[in-house]
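Undergrad: My structure is below; once you've seen it, I'll send some questions.
The values are calculated or read from the model by the stated rules, or taken from the named source; none is laboratory data. It should be emphasised that the depicted structure is a prediction, and the values quoted were computed from it without experimental measurement. Because the Cβ atoms are built from the backbone with ideal geometry, glycine has one as well, and the counts that use them run over all protein chains shown. Side chains are part of the model used for accessible areas, which takes the heavy atoms of the whole protein and leaves out ligands, DNA and RNA. Shrake-Rupley method; radii C 1.70, N 1.55, O 1.52, S 1.80 Å.
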Amino acid sequence: MILATAATYSLTSLFLGVGAAVAYAAPSVAGDRFSMKSIRRLLWTAWGLHGLAVLWSLLGLSPNDVPRFGFAPALSVTAWLVLTVYAVESHMYPKLQAVWAFAGLGAVAVLLALVFPGQALHSAASPWLPLHWALGLASYGLFAAAVVHAWLMMRAESQMRTAPSLSSGAQSGLPLLTLERLTFRFVMAGFVLLTATLLAGWLFREPLYGAGKGFKWDHKIIFSTLSWFAFAVLLIGRAKFGWRGRTAVRVLYIGSGLLLLAYVGSRFVLEVVLGRAV
């Protein structure tokens, strides 16, 4: 099992990770004692520390650190990207109400990355490999944002059914149509990046990962390809047949689940269940 040890992190890494987790969790612990302005400041602080922690882990910026990656850092980067999306949207749509959910997501992701830092990156890998990973992680983040918006959309719809007197955006903070439009925008952007990631992996796998690492149909490729087809079906269904609501959300969940299994799930099994490096 690849767990963090005292030698795994420098003091800077620990400070950034623990500081981000504390800043994320503080509003929940304090309850009503913090004003919304103070809560937003804490979340901005947490977001900044989280981003620095991610960079420190991926780049190994101190003498005691080496670049690392694994299932938990991948989840941490994905959570940070989702929080970035929320930070932008909270300015565009001030009524969006998801502060506590996003703060909890950030705290869990940071702590998980501290406990399971992943493995040191292979020295034979190409300098272009981080770009390939960046494309993949960006698609993860966009699809995760789509899932969050779809969940908010379904929650708002359910609350409307049980309390018809509520306006369409009373509980979620945004009208249903706005949430639906945002969901599919994230799906489309994520699909484009996922396509680019898969093409790069198929065409340039050996130059990216080193000699002897040519293309092969492993679990990661299979699940990634299946997720690509699921998202393609979703977008075609939306364009040709007007899919929306529960039908569209189910397909989105299926595609996102397959994508999660492609890297995070397989690495979790290898790193945590089997306890061996890749």
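Undergrad: Test G201 against the criterion of being assigned to a helix (DSSP H, G or I), modelled with pLDDT under 80 and small (G, A, S), and give yes or no. Reasoning before the result, please.
TA: On the way: assigned to a helix (DSSP H, G or I): yes; modelled with pLDDT under 80: yes; small (G, A, S): yes.
Criteria met by G201.
Undergrad: Moving on. If W56 meets every condition in (1) modelled with pLDDT under 75; (2) more than 21 Å from V88 (Cα to Cα) apart from one, which number is that one?
TA: (1)
Undergrad: Now a separate question. Filter the range 251-269 down to residues that are hydrophobic (A, V, I, L, M, F, W, C) and under 18 Å from G201 (Cβ atoms) and give me whichever is modelled with the lowest pLDDT. Full working, then the answer.
TA: Residues of the range 251-269 that are hydrophobic (A, V, I, L, M, F, W, C), as a first pass: 251-252, 254, 258-262, 264, 268-269.
Subsequent filtering for residues that are under 18 Å from G201 (Cβ atoms) retains 258-262, 264.
Values: L258: 93, L259: 91, L260: 88, L261: 88, A262: 85, V264: 80.
If we take residues in the range 251-269 being hydrophobic (A, V, I, L, M, F, W, C) and under 18 Å from G201 (Cβ atoms), then V264 is modelled with the lowest pLDDT.
Undergrad: Anything in the range 248-264 that is over 17 Å from G141 (Cβ atoms) and open to solvent by less than 20 Å² (accessible area, probe 1.4 Å)? List them, or say none.
TA: Selection gives A248, V249.
Undergrad: Could you check the range 236-247 and list, in sequence order, the residues that are open to solvent by less than 30 Å² (accessible area, probe 1.4 Å) and in contact (Cβ under 8 Å) with a residue 24 or more places away in the chain? Write out each step before concluding.
TA: From the range 236-247, those open to solvent by less than 30 Å² (accessible area, probe 1.4 Å) are 237, 245; that's our starting set.
Of everything in the range 236-247, just one residue is open to solvent by less than 30 Å² (accessible area, probe 1.4 Å) and in contact (Cβ under 8 Å) with a residue 24 or more places away in the chain, namely G245.
Undergrad: Same structure again: If you scan the range 235-251, which residues turn out to be assigned to a loop (DSSP other than H, G, I, E, B), more than 13 Å from M153 (Cα to Cα) and touching a helix residue (DSSP H, G or I) at 6+ places or on another chain (Cβ under 8 Å)?
TA: Kept after step one, since they are assigned to a loop (DSSP other than H, G, I, E, B), are these residues of the range 235-251: 242-244.
If we keep only those that are more than 13 Å from M153 (Cα to Cα) as well, we get 242-243.
Of everything in the range 235-251, just one residue is assigned to a loop (DSSP other than H, G, I, E, B), more than 13 Å from M153 (Cα to Cα) and touching a helix residue (DSSP H, G or I) at 6+ places or on another chain (Cβ under 8 Å), namely W243.
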